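Undergrad: Below is a structure I'd like to ask you about.
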Amino acid sequence: MRIVMAGASGFLGTHLTEKLGAAGHDIVRLVRREPRAKAEIRWRPDRGELDPGALAGADAVINLAGAGIADHRWTNGYKRKMVSSRVNATRTLATTIAGIGREERPAVLVNASGVGYYGDTGDAAVDEDSPPGQGYSPEQCVMWEAATDPASGAGVRVVLLRTGFVLDAAGGLLSRLLLPFRLGLGGRMGSGEQWLPWISLGDWGDAARFLLDRDEIGGPVNIVGPAPIRNKDFVRAIANALHRPAVIPLPGPALRLVAGEVVSEVLSSRRVLPGILTRAGFAYRQPDLDAALRATLHPVRARG
């Protein structure tokens, strides 16, 4: 399969590129700089510029492009950047796909999104049929997903990856928590009662690859594990995996003072369930949090 990918150099993109390449797929990367290899093509999503020839004849397009939610403090300027980087990249790809003749048009666009779509759900469980929440994150996700409309309007299958917290020691939420926990300074965040939808990095990559091949699946898909967990139990599992205590609570106001509004992503309660993956029979390799953390933090020991 020939796959064109945007955002291939990011945390999730790097993992998925390696997984798909190992499976024998031909990966072409869209880059914003001058290309350094034959498998790279330059585009300028902020200007809506992409040569249709870059996508013509491809079997699939995967879009993981966008400014990271934890890369900077959420100033008003950075919040605008997060929205524009996601929406502009998605709109550029979807519009370009729609303009390609039917015979050469990619069959599927797999586009990133997030569980932020649902907002704060409290203790209520939600799945792909649930409506968007209120606030910045839901509004961002709604615009992000709507930017794929030109592709779906042209008859292309569009899959929206509403991704939860992806566990890996080298990136994402977990990587930012490891140092304080290793220093014995870890503890529940906020009340600790909020639900956290997590998934291992390996299962995230397997789910994305699974959806590439399932022609009957389109629209939003929650890319989360089968069992969301409360924050207090999540931090306790991290502490156990590291053999460290988790007794120092981190109040919400203190977290916001140190890290800014991005902390709302951790303090919000999102009891998100993988309805479509479950019904489609997706097999998780690491459905248990303790096992997933052991595999992530002690990979040699977990394999042995």
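Undergrad: Just order 52-63, 97-108 by mean Cβ neighbour count inside 10 Å, highest at the front, would you?
TA: Going from most to least packed, we get 52-63, 97-108.
Undergrad: Per DSSP helix of 4 or more residues, -39500 (n - 2.57); summed, then divided by the residues of the chain. What does that give at 222 nm, rounded to the nearest 500?
TA: About -11000 deg cm²/dmol.
Undergrad: Using θ = phi - 60° and the Karplus curve 6.51 cos²θ - 1.76 cosθ + 1.60, what whole-Hz ³J(HN,Hα) does each residue of region 42-57 get, with Gly and Pro shown as x?
TA: 7, 9, 10, x, 5, 9, x, 9, 7, 5, x, x, 5, 9, 4, x
Undergrad: With labels modelled as points extended 7 Å from the Cα through the Cβ direction, what inter-label distance (nm, one decimal) is found for Leu183 paired with Asp149?
TA: So the two model labels end up 4.7 nm from each other.
Undergrad: List every residue whose amide H lies under 5 Å from the amide H of Gly219, counting only residues 5 or more places away in sequence or on a different chain, with H placed 1.01 Å from N in the peptide plane.
TA: For Gly219, whose amide H was placed from the backbone, the distant partners under 5 Å are Val158, Val159, Leu160.
Undergrad: Please report, for the Cα atoms of the chain, the Rg to one decimal and the Dmax as a whole number; what are they, in angstrom?
TA: Reported Rg and Dmax, both Å: 19.2, 60.
Undergrad: Where a Cα-Cα gap under 28 Å defines reach, which lysines qualify for Lys38, not counting those fewer than 8 residues away within the same chain?
TA: Filter leaves Lys19.
Undergrad: Then there's this: Which of the lysines could a cross-linker bridge to Lys79, judged by Cα under 16 Å and excluding same-chain residues fewer than eight apart?
TA: Answer for Lys79, where 16 Å is the Cα cut-off: none of the lysines qualify.
Undergrad: Antiparallel DSSP bridges in the chain: what percent, to the nearest 5?
TA: The antiparallel proportion sits near 10 percent.
Undergrad: Looking at the chain as a GNM with Cα springs under 10 Å, which of Arg86, Arg285, Arg270 has the largest mean-square fluctuation?
TA: So, out of Arg86, Arg285, Arg270, the one fluctuating most is Arg285.
Undergrad: On to the next question. Hey, what do the phi angles of region 173-186 turn into as Karplus ³J(HN,Hα) couplings, whole Hz, using 6.51/-1.76/1.60 and θ = phi - 60°, x for Gly and Pro?
TA: In residue order, the calculated couplings are 4, 4, 4, 7, 8, 5, 4, x, 5, 5, 8, x, 10, x Hz.
Undergrad: Here's another thing I want to ask about it. 5 Å is the cut-off here: which amide hydrogens, built 1.01 Å from N in the peptide plane, fall below it relative to Val28, excluding neighbours closer than 5 in sequence?
TA: Under 5 Å from the amide H of Val28 lie the amide H atoms of Ile3, Val4, Met5, each far enough along the sequence or on another chain.
Undergrad: Still on this structure, please answer the following. Please give me, ordered by residue number, the GluC sites (Glu not before Pro) of region 143-235 that lie in loop per DSSP and have at most 13 other Cβ atoms within 10 Å.
TA: Glu193, Glu216
Undergrad: Also, I was wondering about something else. Along the Cα→Cβ direction, 7 angstrom out, place labels at Arg36 and Asn240. What is the inter-label distance in nm?
TA: 4.3
Every number in this text was worked out from the coordinates using simple rules, so none of it is lab data. Values in this document were obtained by computation on a predicted structure and should not be read as measured data. Glycine also receives a Cβ, built like all others from the backbone with ideal geometry; neighbour counts cover every protein chain displayed.
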